[in-house]
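Any read-out appearing in this document is the output of simple, stated calculations on the displayed coordinates, not a laboratory observation. Only a predicted model underlies this, so the values are computations on that prediction, with no experimental measurement involved. Here the Cβ positions follow ideal geometry from the backbone for every residue, glycine too, while neighbour counts run over all protein chains shown.
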Amino acid sequence: MAITQLNPYLAFDGTAERAIQLYERALGARVEGGIMRFGEAPGMEVAPADRNRVMHAMLRIGGGIVMVSDAMPGQPVAKESNVEVCLQLDDPEDLDRRFAALAAGGKVTMAPHDAFWGARFGALTDAYGIRWLFNCPKKTA
């Protein structure tokens with residue numbers, strides 16, 4: 001059997017819905033299949049304050065899929081990770097626009113610039129702690 005797909009799964013601590021909204025605005029993400037909530041899970045006892053937390057959502061960003069959820073209530077979410085999500089773009093102006101939109105409220109690690117490997121590149125951590133890389137190869141004549 002072959003691996004058919006690889007999807008990053010982003011975990012949040014009660015802020016998944018706001019992160020989804022940011023990704024929709026900044027990256028043009030689209031929720032596919034709706035958003036499942038902890039309060040909708042059959043047989044799962046969830047405190048009223050946690051019923052609206054995101055149990056699962058699937059976002060299409062360009063040609064890729066990113067999955068999103070809030071952690072189970074009471075389970076901590078790691079604040080640091082060695083994982084980054086890399087976005088490959090085909091237009092440097094689009095890279096700059098999307099980078100600025102996603103950087104709002106976050107932290108720019110490396111502003112978009114012309115990198116030595118022949119691409120426009122930038123890195124940031126968004127307002128929800130997810131680290132993103134933006135890469136746009138320069139067009140060759």
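So the values come out like this:
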item	result
Selected from MET58, MET44, MET67 as most flexible by GNM, with the chain as the system and alpha-carbon contacts under 10 Å	MET44
Backbone HN-Hα couplings from phi across region 40-47 [Karplus 6.51/-1.76/1.60, Hz, Gly and Pro as x]	8, 6, x, x, 9, 7, 10, 4
Hz values of 3J(HN,Hα) by residue in region 111-122 - Karplus curve (6.51, -1.76, 1.60), Gly and Pro given as x	4, x, 7, 7, 8, 5, 8, x, 9, 8, 9, x
Crossing angle, helix 92-103 versus the chain [Cα axis fit, 0-90 degrees, rounded to tens]	40
Sequence-separation-based contact order of the chain, relative, with Cα cut under 8 Å and 6+ spacing, percent	22
Estimated 222 nm signal from helices in the chain, with DSSP H stretches of n ≥ 4 weighted -39500 (n - 2.57), rounded to 500	-5500 deg cm²/dmol
Segments 20-31, 1-12 sorted - mean Cβ within 10 Å per residue, highest first	20-31, 1-12
